[in-house]
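Visitor: Structure provided below as structure tokens; questions to follow.
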Amino acid sequence: MTRYSRQTRMLIAVDCIIFGFDGQDLKLLLIKRGFEPEKGKWSLMGGFVQADEGLEEAATRTLTKLTGLDGVFMEQLNAYGGPNRDPMERTLSVAYYALIDINQYKQQLSDEYKAEWFPLKEAPKLIFDHAQMVSEALARLRYKAAIHPLLFELLPAKFTIPQLQILFEAVYESGFDKRNFSRKVLSTGLLIKQKEKERATSKRGAFYYKLDKRKYSAKFHAFLNFVSDPGNLK
């Protein structure tokens, strides 16, 4: 087969920005890089795209290899192709961000990569341009979560409105008025109220809710206005 002449060959990789929520903090899953360059330093989970797979297939394989999970929310973020981003060889990376409920899946992490969860504010220095990827992934998450219900992907099967508010406040690093937040969330019609209450954090307790999966799927791309003007919060 004839090839394109006088063109430079390069490697294509995928990197996964994996966010999790433990009930208090928005966290980032990182690994210790196992080979040179930058061996032993903190890195996003990534890998090279194989000849027989597409970008999303490669990202899914990479995510499953680290977490053991299938069906995780994942979305393509951006491509990073600076000529000097990897000192070993010219490599273009396509980044994806993923959302995981830490409490449900923390026991399934692979021991091979020495993976650790870090609160986003306490994340260590990362190799290459991975810090830029994380920053852009967080900006994308904030934008999307303001109008779409994707933050529910970070929660357990049942949760309280206060727990949901803590999640939003962790993502946006900003406080929300309790009454307005509750009113906006309940007005979406996405939640099913349960009979039981969570009583560990208060005597009165807060009712648990579950996500209406049918309505969630139908409204996932609807503009629900969870957060007004998310870019000006703080």
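Visitor: Please express the Cα-Cα pair-distance distribution P(r) of segment 65-191 as a list of whole percents, one per 5 Å bin, running from 0 to the bin with the greatest distance.
Guide: Calculated over all Cα pairs of segment 65-191, the distribution is 2, 8, 16, 19, 20, 16, 10, 6, 3, 2, 0 percent.
Visitor: With everything on Cα atoms, drop me the angle between helix 178-187 and the longest principal axis of the chain, reported from 0 to 90° to the nearest 10.
Guide: Relative to the chain, helix 178-187 is tipped by roughly 80 degrees.
Visitor: Leaving ligands, DNA and RNA out of it, work out the accessible area of R9 with a 1.4 Å probe and give it in Å² to the nearest 10.
Guide: 130
Visitor: Just how much of H221 is accessible, in Å², when a 1.4 Å probe is used and the result is rounded to the nearest 10?
Guide: My reading of the accessible area for H221 is about 130 Å².
Visitor: Here's another thing I want to ask about it. At a Förster distance of 25 Å, what's the computed FRET efficiency of E112 paired with H221, Cβ-Cβ distance as r, to 0.05?
Guide: Taking R0 as 25 Å, the efficiency between E112 and H221 is 0.10.
Visitor: Shifting gears a bit: Report, to the nearest 10°, how far helix 130-147 tilts away from the longest principal axis of the Cα atoms in the chain, using its own Cα long axis and a range of 0 to 90°.
Guide: Around 40 degrees separate the two axes.
Visitor: Determine how many Å³ per residue the convex hull of the Cα atoms of the chain encloses.
Guide: Considering the Cα atoms of the chain, their hull volume per residue is 161 Å³.
Visitor: Let me ask something additional. What's the longest bit of the chain with no exposed chymotrypsin sites (Phe, Trp or Tyr not before Pro), using DSSP loop states and at most 16 other Cβ atoms within 10 Å as the test?
Guide: On the way: sites that count: Y4, F35, F220, F223.
Counting at most 16 other Cβ atoms within 10 Å as exposed, the longest clean stretch of the chain is 36-219.
Visitor: Right, here's the next one. Filter the trypsin sites (Lys or Arg not before Pro) in segment 20-59 down to the DSSP loop ones having no more than 16 other Cβ atoms within 10 Å, then list what survives.
Guide: Answer by residue number: K39, K41.
Visitor: Just the number, please: percent antiparallel of the DSSP beta bridges in the chain, rounded to the nearest 5.
Guide: Numbers: 28 of 39 bridges.
Looking only at bridges with both residues in the chain, the antiparallel portion is about 70 percent.
Visitor: Still on this structure, I have one more. Taking N as the number of residues in segment 1-50, what is its Cα Rg relative to 2.2 N^0.38 Å?
Guide: Ratio of Cα Rg to 2.2 N^0.38 Å: 1.74.
Visitor: Counting other Cβ atoms within 10 Å of each Cβ, which trypsin sites (Lys or Arg not before Pro) in segment 184-221 have at most 15 and sit in a DSSP loop? Don't jump to the answer; show the numbers that get you there.
Guide: Details: sites: K184, K193, K195, K197, R199, K203, R204, K210, K213, R214, K215, K219; in loops: R199, K203, R204.
Taking segment 184-221 and a limit of 15 other Cβ atoms within 10 Å, the loop trypsin sites (Lys or Arg not before Pro) found are R199, K203, R204.
Visitor: Hey, another quick one. Return one whole number: the accessible area per residue of the chain in Å², for a 1.4 Å probe.
Guide: Details: 13500 Å² over 234 residues.
On a per-residue basis, 58 Å².
Visitor: How much length, in nm to one decimal, is gained on full extension between T8 and I127, taken as 0.36 nm per residue of separation minus their Cα-Cα distance?
Guide: Gain in length upon complete extension: 40.4 nm.
Visitor: So what is the calculated 222 nm ellipticity per residue for the chain, using -39500 (n - 2.57) for each DSSP H run with n of 4 or more, over all residues, to the nearest 500 deg cm²/dmol?
Guide: Rounded to the nearest 500, it is -8000 deg cm²/dmol.
Visitor: Give the carbon-plus-sulfur fraction of the accessible surface of the chain in %, rounded to a whole number; probe 1.4 Å, heavy atoms of protein chains only.
Guide: Using a 1.4 Å probe with all protein chains present, the chain comes out at 49 percent carbon and sulfur.
Visitor: Moving on. Name the GluC sites (Glu not before Pro) in segment 65-126 that are in a loop by DSSP and that have at most 11 other C-beta atoms within 10 Å, would you?
Guide: E89, E112
Visitor: Let a ≥ b ≥ c be the square roots of the eigenvalues of the Cα gyration tensor of segment 123-175; is it rounded (a/c under 1.5), or, if not, prolate (a/b larger than b/c) or oblate? Spell out each step's value before the answer.
Guide: Values: a/c = 2.28, a/b = 2.01, b/c = 1.13.
The shape class here is prolate.
Visitor: At a Förster radius of 22 Å, what calculated FRET efficiency corresponds to the Cβ-Cβ distance of F207 and R179, to the nearest 0.05?
Guide: 0.90
Visitor: Kindly sort M74, M10, M45 by accessible area of their heavy atoms, largest first, with the probe set to 1.4 Å.
Guide: Solvent-accessible surface, decreasing: M10, M74, M45.
The values are calculated or read from the model by the stated rules, or taken from the named source; none is laboratory data. In this text the structure is predicted, and so the values were computed from the model without any measurement. So basically every Cβ, Gly included, is an ideal-geometry build from the backbone, and we count neighbours across all protein chains shown. With ligands, DNA and RNA removed, areas are computed over all heavy atoms of the protein, side chains included. Shrake-Rupley method; radii C 1.70, N 1.55, O 1.52, S 1.80 Å.
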